Amino acid sequence: MRVTINGEVETIDEADLSISRLLAIKQVESPDMVSVQVNGKIIARQAYDHQLVVADDEIEFLYFMGGGA
Amino acid sequence: MTMKGFATRAIHGAAGKREAFGALRMPVYDSVAFEHETAASIAQTFAGRKPAHVYSRISNPTVQDFEQRLKLLSGGIAVLALSSGMAAISNTIMALAGAGANIVTTRNLFGNTFSLFERTFKPWGLGVRYVSMENPAEIDRAIDSATCAVYLESVTNPQLEVADCALIGEVTRQRHVPLVVDNTLMTPYLFDTKQAGIDIELLSTTKYISGGATSVGGAIIDNGTFNWEWSAKLASGAEKAGALAFMASLRQEVYRNTGACLAPHHAYLQTLGLETMSLRIDRSCDNALRLARFLAGHPKVRAVNYPGLEGAASHPVARRQFGAKFGGLLTIDLVDREACYELMDNLRIIRLATNLNDNKSLILHPWTTIYAEYSPEERLAMGVRPTMLRLSAGIEDHDDLIEDLQRGLGHSHD
C-alpha cells in the first residue's frame with residue numbers, strides 16, 4: 001500500500017501494519033521520543049500495537065529534540 | 001532478554017545504536033555543532049521530522065546517552081538532563097506556570113528552592129501557597145483552577161520530613177494537578193516515584209548520581225502519568241505532542257531558551273556515576289543508620305533525626321514508602337551553636353562542605369550557611385535551628401566515621 005511518511009510517498013507491502021511495526025520497519029531512532037501523527041491526529045502511545053495503518057494514510061513522525069541556534 | 005536488576009541496567013543501558021567507532025563507553029562528544037550532509041537533512045531536523053543533533057545547547061549525543069540510561073532506571077517516559085538540580089526545578093515551574101498561575105508547596109524546602117519560589121518567581125507573578133504536606137485536606141483546599149503544580153521533596157532537606165506521596169497523589173489526581181517531587185535524596189534507586197503516583201520527578205544529579213561530587217547536574221523525569229490536556233499552559237501542546245507535551249515544551253522552548261543544558265563532559269562523568277550508584281547508596285545508607293544509632297546514644301547529642309530510626313516521626317511513612325533503606329542524610333542537635341562549631345572544627349575525616357551524598361562524609365551548620373539569608377523567624381518556620389547540624393554519610397569505613405564523631409564530640413561542650 002501507498003502511504004505518505006514525513007511528506008514522502010512510500011510503498012509498504014505488509015498486511016495488518018500496526019504503528020509499532022511501522023516504527024520498527026522504518027528503523028525509527030529514539031522511538032520513545034517520537035510522537036506519531038496519522039492524518040493530522042496524534043496517536044496515543046498505548047494504541048501503537050493495535051492501531052493499523054491503511055492505504056493513503058499521511059503519517060508524521062514528530063521528534064521533540066528542538067530546533068537549534 | 002530483559003535486564004531486571006537496577007545495577008545491570010545502570011551498567012549496560014538500553015540496547016541501542018552501536019557507537020560510531022564501537023566504543024564500549026559513550027565518548028564525550030565535545031562539539032558545539034553537528035554537521036548535516038544535505039540542506040534537506042538539517043531542515044528536516046529543525047522541523048522535528050528527523051532525530052538528529054544540531055547544536056549542543058539543544059541536544060548532544062553524550063548527554064542523550066545519560067538521559068536514556070536514567071530513563072531506563074526510572075521508568076519514566078522521557079528524561080531531560082540539565083545543568084543543575086536548580087535548573088531542573090526552575091525549568092519545570094516555567095514550563096507548567098502561565099500568567100496568574102500558582103503552585104502549592106511546603107515551607108520545608110531546600111533553601112535555594114524556597115528562594116527560587118519567593119524571590120525569583122513571586123515577583124514575576126507566580127502565586128506560592130504554603131501548606132502542610134502532612135494534611136491532604138489542606139492541600140486540597142489550597143488548589144484552585146490556577147494551580148499548575150503541587151511541589152514537594154520526597155525527603156526534605158534538612159528537615160528530613162517524609163511526605164506520604166501516595167496520599168498526596170490521591171488529591172492531585174482528583175484535582176487534575178501534576179504532582180512534582182524533588183527526589184534528590186532518595187533517587188530512583190531508593191524510591192520508585194512512578195509507582196508512588198508522582199507525575200514529575202526532579203533530581204539534583206550532582207549528589208548521589210555524579211559518583212562522588214564530580215560535576216553539577218540535574219534531571220527532569222516525566223513519569224507519563226499526567227494527562228497534559230488538563231494543564232492550562234500545556235493543553236494546546238498536548239494536541240500535538242500527546243503524552244510528551246511537557247517534555248516538548250521543555251525541549252522546544254524553556255530548556256532551549258534558558259540555556260539550561262548539561263555539559264557533555266559532565267554527562268560523561270554522571271554516566272560513570274550511574275554505573276556504581278546502587279553500590280554507593282547501599283553503603284551510604286548503611287553508614288547513615290550506624291551513625292544515627294551511635295549518635296542517638298551519645299550523651300552530648302540532644303536529638304537525632306534520621307528516617308531510618310524506628311523512633312523518628314517520619315519512620316512509619318518512610319518504611320512504607322522506601323522499604324529498608326532511608327538515604328544518607330541525618331541531622332543532630334547539640335546544646336547550642338557553639339557546641340556545633342566545636343564539633344565541626346575537631347573532625348578529622350568528616351569534611352566541612354555544603355554538599356550531600358558525596359562519597360566523602362560531610363557536615364554543615366544549616367542555620368549559618370544555606371539558610372543564613374533568612375531571618376531567625378523564617379529559619380525556625382522552615383524547621384532550621386541554630387543547634388542543628390546536617391551530616392551526610394559517605395561511603396568510608398563506618399568505624400572511622402564513628403571514631404571521628406566520638407573525638408569531635410569530646411571537644412564539644414554540653
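How big is Rg to Rh over the protein assembly as shown, alpha-carbon atoms, Rh as the Kirkwood inverse-mean-distance radius?
Radius of gyration over Kirkwood radius for the protein assembly as shown works out to 1.01.
Taking Cα atoms of segment B:235-341, Rg/Rh with Kirkwood Rh, to two decimals?
Using Cα coordinates only, the ratio equals 1.19.
Any chance you could run the full-extension gain for B:Ala166 through B:Glu378? It's 0.36 nm times the residue separation minus the Cα-Cα distance, nm to one decimal.
Length difference between fully extended and current span is 73.4 nm.
How big is segment B:273-387 on each of its three principal axes, counting only the C-alpha atoms and giving the largest first in Å?
39, 31, 30
With a/c under 1.5 counting as rounded, go ahead and sort segment B:156-282 into rounded, prolate or oblate using the C-alpha gyration tensor (a ≥ b ≥ c being the square roots of the eigenvalues; past the cut-off, prolate if a/b is larger than b/c, else oblate).
It comes out oblate by the Cα gyration axes.
Can you tell me which lysines have their Cα less than 26 Å from the Cα of B:Lys360? Leave out same-chain residues fewer than eight positions away.
Output for B:Lys360: B:Lys207, B:Lys300, B:Lys325.
Only sites in a loop by DSSP and with at most 13 other Cβ atoms within 10 Å count here; which trypsin sites (Lys or Arg not before Pro) in segment B:262-358 make the cut?
Counting only loop positions with at most 13 other Cβ atoms within 10 Å, the trypsin sites (Lys or Arg not before Pro) in segment B:262-358 are B:Arg348.
Using the Cα gyration tensor of segment A:2-63, with a ≥ b ≥ c the square roots of its eigenvalues, what is the shape: rounded (a/c below 1.5), prolate (a/b larger than b/c) or oblate (neither)?
rounded
Tell me the mean residue ellipticity at 222 nm calculated for chain B from its helices only (DSSP H runs of n ≥ 4, each -39500 (n - 2.57), averaged over every residue, nearest 500).
My calculation for chain B gives -10500 deg cm²/dmol from helical runs alone.
Mind giving me the FRET efficiency for B:Ser236 and B:Arg293? R0 is 60 Å, r the Cβ-Cβ distance, nearest 0.05 is fine.
The value I calculate is 0.65.
What spacing in nm lies between the two simple spin-label points modelled at B:His413 and A:Asp13, each 7 Å away from Cα in the Cβ direction?
Calculated label separation equals 9.3 nm.
Output wanted: per-residue J couplings in Hz (rounded whole) for segment B:236-242, from phi through Karplus 6.51 cos²θ - 1.76 cosθ + 1.60, θ = phi - 60°, x for Gly and Pro.
After applying 6.51 cos²θ - 1.76 cosθ + 1.60, I find 5, x, 5, 5, 8, 9, x Hz.
Each residue of segment B:288-302 in order: what ³J(HN,Hα) in whole Hz does its phi give by Karplus 6.51 cos²θ - 1.76 cosθ + 1.60, θ = phi - 60°, with x for Gly and Pro?
For segment B:288-302, the Karplus curve yields 4, 5, 5, 5, 4, 5, 4, 5, 4, x, 8, x, 8, 8, 6 Hz.
Based on the Cβ-Cβ distance of B:Gln174 and B:Thr120, what FRET efficiency does E = 1/(1 + (r/R0)^6) give at R0 = 35 Å, to the nearest 0.05?
FRET efficiency, B:Gln174 to B:Thr120: 0.70.
Hey, for a label at B:Ser31 modelled as a point 7 Å past Cα toward Cβ, could you say which residues of segment B:52-77 have their backbone N under 17 Å away?
Residues passing the 17 Å test: B:52-65.
Within a 10 angstrom radius of each residue's Cβ in B:44-54, how many Cβ atoms of other chains show up on average? Whole number is fine.
6
What length, rounded to one decimal in nm, is gained on full extension from B:Ala146 through to B:Phe21, with 0.36 nm per residue of separation minus their alpha-carbon distance?
Between B:Ala146 and B:Phe21, full extension yields 39.9 nm more.
Which GluC sites (Glu not before Pro) from segment B:21-97 combine a DSSP loop assignment with at most 13 other Cβ atoms within 10 Å?
Counting only loop positions with at most 13 other Cβ atoms within 10 Å, the GluC sites (Glu not before Pro) in segment B:21-97 are B:Glu35, B:Glu37.
Run the paramagnetic zone check for A:Ala47: 7 angstrom along Cα to Cβ, then residues of segment A:5-23 with backbone nitrogen under 17 Å.
Answer for this model: A:17-23.
Nearest 0.05, what FRET efficiency do B:Ala40 and B:Ile11 give at R0 = 45 Å with Cβ-Cβ as r?
0.70
First check a/c for segment B:99-151, with a ≥ b ≥ c the square roots of the eigenvalues of its C-alpha gyration tensor; if it is under 1.5, answer rounded, and if not, answer prolate when a/b is larger than b/c or oblate otherwise.
Taking the square roots of the gyration eigenvalues as a ≥ b ≥ c, segment B:99-151 is oblate.
Any idea what angle helix B:61-74 forms with the longest principal axis of chain B, computed on alpha-carbon atoms, 0 to 90 degrees, nearest 10?
60 degrees
Which of the lysines could be linked to B:Lys17 by a straight reach, that is with a Cα gap under 23 Å, when you skip same-chain ones fewer than 8 residues away?
By straight Cα distance, B:Lys17 reaches A:Lys26, B:Lys4, B:Lys50, B:Lys71.
For chain B, find the longest principal axis of its Cα atoms and tell me its angle to the long axis of helix B:85-96, 0 to 90°, nearest 10.
Taking Cα atoms only, the helix is inclined about 50 degrees.
Where a number appears in this text, it was derived from the coordinates with a stated rule and is not lab data. What you see is a predicted model; the values in this text were computed from it and never measured. Cβ coordinates were reconstructed from backbone atoms using ideal geometry, including for glycine residues, and neighbour counts include every protein chain displayed.
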